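Visitor: Can you read through this structure? Questions will come right after.
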Amino acid sequence: MGCPYLTVNDVRFSYDHSQLILKDINLTIDQGQFVAVIGPSGCGKSTLLRLLAGLALPSVGRLTVSGHPITGPGLDRAVVFQDYSLFPWMTCQENIVLALERAGIGANKAERRQVSLDFLALVGLAQDGDKLPGELSGGMRQRTAIARALAINAPILLMDEPFGALDEITRARQQDLLLDLWQGGQEKEAGKTVFFVTHDVEEAVILGDRVIVMGTHPGRVVRDIPIDLPRPRTRMGSLRHKNFTVFRDLLLTELNLVVDERLSPGLNAGEAI
């Protein structure tokens with residue numbers, strides 16, 4: 001860690017060039033960091049993730065990876081969306097094999113099929129690779145999307161509420177899986193940089209090296225809070241740590257301030273770009 005890797009410089013974004021969605025966003029994310037992002041609905045968390053993914057371009061400002069401008073999607077950035085984004089006519093395994101082919105991973109189709117099965121097993125879907133997305137629950141489709149993102153082994157992982165559709169037990173297991181995979185990469189000096197959007201304050205504390213708190217109208221960074229819990233972490237280990245409630249309550253306080261400001265009169269809603 002310690003090497004600036006992902007940067008967001010003076011970024012503004014508007015869909016219609018009149019009302020700002022994001023205003024003056026500045027972030028520097030070190031290589032190998034796990035950054036969680038929280039904020040009320042409508043604060044632009046997902047929009048910022050899409051900008052980092054290259055799926056949209058800023059109205060003003062610049063985003064870079066290793067000093068190179070982000071001008072579109074790239075194989076260096078894997079994305080897990082809220083809506084799964086699986087091809088409905090392909091099986092779970094075929095969805096992952098296609099991603100591996102596009103990423104140039106695997107010497108042949110048999111090898112790519114084996115990789116896809118390995119990652120489906122990691123997310124608890126070893127017996128479901130031959131099923132179509134429509135045959136699965138929402139949580140199972142989301143786990144397939146997570147397996148696909150992990151399988152292509154991109155150095156940057158952009159995750160937009162990836163566990164939001166999962167039941168509590170599965171969500172807890174996937175949090176531990178993500179921690180295991182991410183922390184294992186750090187030990188091998190091949191760690192992923194993770195940008196993780198969530199509505200769950202406890203999840204942000206459990207996972208993140210730091211938590212970005214965003215405000216609304218327009219979306220902006222309100223606080224950038226380091227989470228000083230020891231690594232390596234597990235979900236239960238974090239929940240039991242003496243400082244867990246300190247960080248959780250701090251984040252809840254910040255979110256309440258954001259909501260109070262949002263409800264107060266005199267906001268600059270609709271501020272022009």
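No lab work stands behind these numbers, since they all come straight from the coordinates. All values reported here derive from a predicted model rather than from experimental measurement. Neighbour counts are summed over all protein chains in view; Cβ atoms, including those assigned to glycine, are modelled from backbone coordinates with ideal geometry.
Visitor: Check the straight Cα-Cα distances from LYS23 and name the lysines below 30 Å, setting aside those fewer than 8 residues away within the same chain.
Guide: Within the straight-line cut-off, LYS23 pairs with LYS45, LYS192.
Visitor: Using Cβ counts within 10 Å as a stand-in for footprinting exposure, how do TRP182, TRP89 rank, fewest first?
Guide: Listing TRP182, TRP89 from fewest to most nearby Cβ atoms yields TRP89, TRP182.
Visitor: Given a Förster radius of 41 Å and the C-beta distance between THR28 and MET90 as r, what FRET efficiency does 1/(1 + (r/R0)^6) yield to the nearest 0.05?
Guide: Result of the calculation: an efficiency of 0.60.
Visitor: Among the lysines, select those whose C-alpha is under 25 Å from the C-alpha of LYS131, and discard any that sit fewer than 8 residues away in the same chain.
Guide: Cross-link targets: LYS109.
Visitor: Please report the net charge: other residues with Cβ closer than 11 Å to the Cβ of LEU120, K and R +1, D and E -1.
Guide: +1
Visitor: In addition: What translational diffusion coefficient, to the nearest whole µm²/s, does the range 88-153 have by Stokes-Einstein, given a Kirkwood radius computed over alpha-carbon pairs, a temperature of 25 °C and 0.890 mPa s viscosity?
Guide: Rounded to a whole number, D works out at 217 µm²/s.
Visitor: Follow-up question, since we're still on this one. How charged is the neighbourhood of ASP176? Take every other residue with its Cβ under 12 Å from the Cβ of ASP176, and add Lys/Arg as +1 and Asp/Glu as -1.
Guide: Neighbourhood net charge equals +2.
Visitor: So, one more: Which listed residue (ALA126, ILE152, LEU51) has the Cα farthest towards the positive end of the charge dipole for the chain, taking +1 on Lys and Arg C-beta and -1 on Asp and Glu C-beta about the Cα centre?
Guide: Farthest towards the positive pole: ILE152.
Visitor: Which helices of the chain meet both criteria: a Cα extent of 30 Å or more along the helical axis and a mean Kyte-Doolittle score no lower than 1.6, with helices taken as whole DSSP H segments?
Guide: none
Visitor: With only Lys, Arg, Asp and Glu charged, each at its Cβ (+1 for the first two, -1 for the last two), find how big the charge dipole of the range 1-156 is about the Cα centre; round to the nearest 20 debye.
Guide: Rounded to the nearest 20 debye, it is 100 debye.
Visitor: Could you tell me which residue out of GLY215, VAL194, ILE225 lies farthest along the dipole of the chain toward its positive end? Charges go on the beta carbon: Lys and Arg +1, Asp and Glu -1, centred on the Cα centre.
Guide: Most positive-ward Cα: VAL194.
Visitor: So for each of 211-220, 12-21, 78-87, 38-47 I average, over its residues, the number of other beta carbons within 10 Å; can you give me the resulting order with the highest mean first?
Guide: Ranked by mean Cβ neighbours within 10 Å, highest first: 211-220, 38-47, 78-87, 12-21.
Visitor: Something else about it: Local charge sum around LEU52 (other residues, Cβ-Cβ under 13 Å, Lys/Arg +1, Asp/Glu -1)?
Guide: +2
Visitor: For SER59, which sequence-distant residues (separation of 5 or more, or a different chain) have an amide H within less than 5 Å of its own amide H, given hydrogens modelled in the peptide plane?
Guide: The list, which skips near neighbours in sequence, is ARG12, PHE13, SER14.
Visitor: Quick one: Karplus J couplings for the range 82-90, per residue in order, coefficients 6.51, -1.76, 1.60, θ = phi - 60°, nearest Hz, x for Gly and Pro?
Guide: Couplings: 5, 9, 6, 6, 9, 6, x, 8, 10 Hz.
Visitor: For ILE70, enumerate residues with amide H under 5 Å from its amide H, sequence gap 5+ or separate chain, H modeled in the peptide plane.
Guide: LEU63, THR64, VAL65
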